[in-house]
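What follows draws every value from the coordinates through simple rules; no lab data is involved. Quantities reported herein were computed from a predicted structural model and do not represent experimental measurements. Reconstructed Cβ throughout: ideal geometry from the backbone, glycine too, with neighbour counts over all protein chains shown.
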Amino acid sequence: MSWRSESTWIDFIVGSRKTSNFCWAFILFLGSVGFLLVGISSYLGRNLTPLFTSQQIIFFPQGIVMSFYGIAGLFISSYLWCTILWNVGSGYDRFDRKEGIVSIFRWGFPGKSRRILLRFLMKDIQSIRIEVKEGIYAHRVLSMEIRGQGAIPLTRTDENLTTGEIEKKAAELAYFLRVPIEGF
């Protein structure tokens, strides 16, 4: 999603609050609770889950392994829920021709560097770069080449843009910034 005027272009970045992250966190939570309940029921000798009887799973070694997988899954699930709650990776890219400044802002994990803000002068932008690698794991990245700083990516690596979409976005941004496009 983006907003544009004659002198300002703002691209909003979604971050961790994507549908796929919600689905994976929920599925992982349910699966890990299931594993943990099976491990606990094998230890207690009572049926805490309707799918397995406690006589089918012996605590040593199957119950211990099931409990370990359940606990590990709960840790990973809580990590995913925290990234969703904090909306890690969200932010914006702001290109302001009137002030001549480019601002790239992202939210990180809580702590000292929770707010990540990069600012550049527009005159330091050398080009807009497109990197496309086709194959089984297609990789399309749009980045901005900054004089003395290197390339700064503007799209996420998991953003599934087609080659045409990324070329169109690069052309529009290069026209707005009045810089050339480089392609790989």
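Key figures
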| quantity | calculated |
| --- | --- |
| Stretch gain in nm, segment GLU159-GLU6, where the contour uses 0.36 nm per residue and the Cα spacing is subtracted | 52.4 nm |
| Pairs of Cα atoms farther than 24 Å apart, the chain, % | 55 |
| FRET E, pair VAL14, ARG97, Förster distance 25 Å, beta-carbon r, rounded to 0.05 | 0.50 |
| Gained length - ARG119 relative to ILE27, 0.36 nm times residue gap less alpha-carbon distance | 29.2 nm |
| Gain on full stretching of the segment that runs from PHE176 to ILE71 - 0.36 nm per residue minus C-alpha separation | 32.7 nm |
| Cα-based helix-to-principal-axis angle, 19-44 vs the chain, degrees rounded to 10 | 20 |
| Relative contact order (%) - the chain, alpha-carbon pairs under 8 angstrom, separation at least six | 17 |
| Residue exposure sequence - LEU173, LEU161 - by fewest surrounding Cβ within 10 Å | LEU161, LEU173 |
| Kirkwood Rh and Cα Rg combined as Rg/Rh, the stretch 20-86 | 1.08 |
